[in-house]
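Engineer: I have a structure I would like to understand better, so I am pasting it below and will then ask my questions one at a time.
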Amino acid sequence: MTVKSRRLEQPAMTLPERRPRRRATVLALAMIAANLGTTFAHAQNPAMIAKARGGANCPGCNLFQADLANLELKNRNFAGARLRQADMSAAVLTHSRFDRADLRDLNGYGAVFTGSSFAHADLTNASFVGAYLEGANFSGAHLNGVNFSGAEMERALGLTAAQLASACGDPATKTPRGLTLRPCR
């Protein structure tokens with residue numbers, strides 16, 4: 001048995017009937033373009049990064065993926081800044097403020113943060129391998145997945161057992177008295 005399909009004929013649309021469709025299409029394209037603009041708003045900001053690299057205070061700046069490695073930036077204010085995936089390896093950032101900053105995935109390998117404040121900062125998955133953190137303040141900081149292997153942090157302030165439970169270190173890590181870190185895998 002053969003089945004024949006019938007094509008339903010629809011009458012052609014007149015010009016006034018097409019206008020609402022065009023308006024809807026234009027509106028949809030405008031909304032897509034607006035959303036694309038917000039997607040890129042969080043990308044790197046070269047002007048702000050250059051400002052920070054030059055030694056300026058930069059509270060609240062967008063320093064996403066900033067290369068601050070090997071720089072000496074003492075007594076700087078980066079409170080509330082977005083420093084996600086920033087490279088601060090071997091940098092000297094003593095007595096600097098990172099309060100409430102986004103420091104997720106930070107590379108702080110061998111950096112010196114003596115007396116710096118990370119109060120209420122998000123340090124999720126940051127690496128402080130071999131970092132010098134004496135006198136650094138970690139009150140209320142999020143330390144999920146932070147690697148403190150080989151870090152010197154005996155005199156770090158504001159650390160709790162609950163914070164360190166989700167971080168890791170190695171036998172060379174020097175933690176404040178009474179606090180321990182699980183071994184990194």
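The values are calculated or read from the model by the stated rules, or taken from the named source; none is laboratory data. Since the structure is predicted, the reported quantities are computational estimates derived from the model, not experimental observations. Because the Cβ atoms are built from the backbone with ideal geometry, glycine has one as well, and the counts that use them run over all protein chains shown.
Engineer: Collect the residues in the stretch 157-166 that are small (Gly, Ala, Ser) and under 15 Å from Leu123 (Cα atoms), keeping them in residue-number order.
Structural biologist: Within the stretch 157-166, Gly158, Ala162, Ala165, Ser166 meet the criteria.
Engineer: Can you tell which of Leu36, Leu8 is modelled with pLDDT under 60 and either part of a loop (DSSP other than H, G, I, E, B) or surrounded by 11 or more Cβ atoms within 10 Å (Cβ to Cβ) (or both)?
Structural biologist: The match here is Leu8.
Engineer: With respect to Phe113, determine if the residue is surrounded by 23 or more Cβ atoms within 10 Å (Cβ to Cβ), more than 23 Å from Cys61 (Cα to Cα) and either under 19 Å from the mean Cα position of the chain (by Cα) or among the charged types (D, E, K, R) (or both).
Structural biologist: no
Engineer: I'm checking my understanding of the structure. Among residues of the stretch 143-184 that are among the charged types (D, E, K, R) and touching a strand residue (DSSP E or B) at 6+ places or on another chain (Cβ under 7 Å), which one is farthest from Thr114 (Cα to Cα)?
Structural biologist: Of everything passing the filter in the stretch 143-184, Arg182 is farthest from Thr114 (Cα to Cα).
Engineer: Output the residues belonging to the stretch 49-75 that are under 22 Å from Val129 (Cβ atoms) and either assigned to a loop (DSSP other than H, G, I, E, B) or in contact (Cβ under 8 Å) with a residue 60 or more places away in the chain (or both).
Structural biologist: Leu63, Phe64, Gln65, Ala66, Leu68, Ala69, Asn70, Leu71, Leu73, Lys74 - these are the residues of the stretch 49-75 that are under 22 Å from Val129 (Cβ atoms) and either assigned to a loop (DSSP other than H, G, I, E, B) or in contact (Cβ under 8 Å) with a residue 60 or more places away in the chain (or both).
Engineer: Any residue at all in the stretch 147-161 that's in contact with a Leu (Cβ under 7 Å, 6 or more places away or on another chain) and over 21 Å from Cys184 (Cβ atoms)?
Structural biologist: Taking every residue of the stretch 147-161 in turn, none turns out to be in contact with a Leu (Cβ under 7 Å, 6 or more places away or on another chain) and over 21 Å from Cys184 (Cβ atoms).
Engineer: Within the stretch 89-107, how many residues turn out to be farther than 20 Å from Ser139 by Cβ and buried (at least 23 other Cβ atoms within 10 Å of the Cβ)?
Structural biologist: Looking only at that region, the number is 1.
Engineer: Please go through the stretch 146-161 and give me each residue that is over 14 Å from Arg177 (Cα atoms), free of Cβ contacts under 8 Å to residues at least 24 places away in the same chain and under 22 Å from the mean Cα position of the chain (by Cα), ordered by number.
Structural biologist: Correct list: Val146, Ala151.
Engineer: Within 17 Å of Arg84 (Cα to Cα), among the small types (Gly, Ala, Ser) and out of contact with any His (no Cβ under 7 Å at 6 or more places or on another chain): which single residue out of Gly135, Gly108 fits that description?
Structural biologist: Testing whether each residue is within 17 Å of Arg84 (Cα to Cα), among the small types (Gly, Ala, Ser) and out of contact with any His (no Cβ under 7 Å at 6 or more places or on another chain) leaves just Gly108.
Engineer: If I ask for residues that are out of contact with any Asp or Glu (no Cβ under 6 Å at 6 or more places or on another chain) and among the basic types (Lys, Arg), which ones from the stretch 55-84 would you list?
Structural biologist: Lys74, Arg76
Engineer: Ok, one more. Hey, can you tell me all the residues within the stretch 143-174 that are among the polar types (S, T, N, Q) and touching an Asp or Glu at 6+ places or on another chain (Cβ under 7 Å)?
Structural biologist: Once the filter is applied, which keeps residues that are among the polar types (S, T, N, Q) and touching an Asp or Glu at 6+ places or on another chain (Cβ under 7 Å), the stretch 143-174 yields only Ser149.
Engineer: Sort out which residues of the stretch 148-181 are crowded, with 22+ Cβ neighbours inside 10 Å and assigned to a strand (DSSP E or B), and write them in order of number.
Structural biologist: Gly169, the sole residue that qualifies.
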